[in-house]
Amino acid sequence: MSVMIAIGWSIAFGFVTAGFVAAVYRMFTSQQPSFSLLQTGDARAMLAVPLLAVTGPAVLARNSWRGRVLEGRGWGWIAAGGALAGGWSFILGVFVLHFYLSLAA
């Protein structure tokens, strides 16, 4: 049971971290983080890689929902996007929790 709680906390911390960093990015640039940042072909594309590594779950979840609402995609797309965002946020959450716990020790 404690393993399931740790997995849940990791996913939650990953989603919260992704959403927080995406909100801070939007606050400073007044635009949402997007995978299209990688297509600029200059130094901004290199700087976008770490940003998107952290905000990826939020971008995936937003794009999945927008695909359903605006383009009428099926619920399977939301399920697949949610599964990918959940896995990505789990990995991000493990990293964030490990970093936090190593600082606290």
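Out of SER89, SER10, SER102, I need the residue that is part of a helix (DSSP H, G or I) and surrounded by fewer than 16 Cβ atoms within 10 Å (Cβ to Cβ). Which one?
Numbers: SER89 fails: surrounded by fewer than 16 Cβ atoms within 10 Å (Cβ to Cβ); SER10 fails: surrounded by fewer than 16 Cβ atoms within 10 Å (Cβ to Cβ).
SER102 is the lone residue from the list that is part of a helix (DSSP H, G or I) and surrounded by fewer than 16 Cβ atoms within 10 Å (Cβ to Cβ).
Taking only the range 4-61 into account, find how many residues are polar (S, T, N, Q) and under 24 Å from HIS98 (Cβ atoms).
Within the range 4-61, the subset polar (S, T, N, Q) is 10, 17, 29-32, 34, 36, 39-40, 55.
With under 24 Å from HIS98 (Cβ atoms) added as a condition, the list becomes 10, 17, 55.
So the answer is 3.
Quick check on TRP65: is it without any contact (Cβ under 8 Å) to a residue 24 or more places away in the chain, assigned to a helix (DSSP H, G or I) and surrounded by fewer than 19 Cβ atoms within 10 Å (Cβ to Cβ)? For TRP65, the condition - without any contact (Cβ under 8 Å) to a residue 24 or more places away in the chain, assigned to a helix (DSSP H, G or I) and surrounded by fewer than 19 Cβ atoms within 10 Å (Cβ to Cβ) - is met. Counting only residues that are of a type in the set (A, V, I, L, M, F, W, C) and closer than 16 Å to SER34 by Cα, the range 52-83 holds 8 of them. Contact map, the range 39-54: residues that are basic (Lys, Arg) paired with residues that are modelled with pLDDT of 80 or more and not in a loop (DSSP other than H, G, I, E, B), Cβ distance under 9 Å, separation 6+ or inter-chain. Pairs shown: ARG44/LEU37.
The values are calculated or read from the model by the stated rules, or taken from the named source; none is laboratory data. Keep in mind that what you see is a predicted model, and the values were worked out from it rather than measured. Don't worry about glycine lacking a Cβ; one is built from the backbone with ideal geometry, like all the others, and counts go over all protein chains shown.
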